[in-house]
């Protein structure tokens, strides 16, 4: 599977992840790939297929560095393992406090196929090694 978002300069391989030891969604094993939450919805299914990626590391920007700059109307392309191409269009971009992200809305059911992107945002807190917000991009299927 591949994820391509021209408006954010993303053309990345996708790793399948599940739930991490701390109960959160797993993350990609490197800073260039994106992760898809495989226990959830598959891209193209009715529901929200969730992808995450790192925003940066101590040395440079990572794959989702420009995700917060996406605007409604931007296109997201998901290529399946057998070459099927799905096109999604960004509907909105939200920023949520770290402990206030609406998980049911992000990972939940919907009446149309959607892709949700999630990454770190806000300020970096060196003392706890965490960003204080999550940037979430919602998009809806426009074509097969």
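The values are calculated or read from the model by the stated rules, or taken from the named source; none is laboratory data. What you are looking at is a predicted structure, and each value in this text was computed from that prediction instead of being measured. When we count neighbours, we look across all protein chains shown, and the Cβ atoms used for this are built from the backbone with ideal geometry, even at glycine.
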For this session: Within segment 56-71, identify whether any single residue is surrounded by fewer than 18 Cβ atoms within 10 Å (Cβ to Cβ), within 12 Å of residue 115 (Cβ to Cβ) and touching a residue at least 60 places away in the same chain (Cβ under 8 Å), and answer yes or no.
Result: no
For this session: Identify all residues within segment 60-71 that are in a loop (DSSP other than H, G, I, E, B) and more than 15 Å from the chain's Cα centre (by Cα); write none if there are none.
Result: 60
Seminar exercise, completed: Among residues of segment 74-101 being in a loop (DSSP other than H, G, I, E, B) and either in contact with a strand residue (DSSP E or B) (Cβ under 6 Å, 6 or more places away or on another chain) or surrounded by 12 or more Cβ atoms within 10 Å (Cβ to Cβ) (or both), the residue modelled with the highest pLDDT is 74
Exercise. Quick one: what pairs do we get from segment 79-92, first residue under 27 Å from residue 68 (Cα atoms), second exposed (fewer than 12 other Cβ atoms within 10 Å of the Cβ) and at pLDDT below 95, C-beta under 7 Å, 6+ apart or different chains?
Worked result: 86/144; 87/143
Exercise. Is it the case that segment 45-59 has a residue that's in contact with a helix residue (DSSP H, G or I) (Cβ under 7 Å, 6 or more places away or on another chain) and assigned to a loop (DSSP other than H, G, I, E, B)?
Worked result: no
For this session: Mind listing whichever residues of segment 2-27 are modelled with pLDDT of 95 or more, in a loop (DSSP other than H, G, I, E, B) and over 18 Å from residue 89 (Cα atoms)?
Result: 18
Problem set entry | Cβ pairs under 7 Å, 6+ apart, first in segment 124-140 and at positive phi and crowded, with 16+ Cβ neighbours inside 10 Å, second at pLDDT 85 or above and part of a strand (DSSP E or B) | none
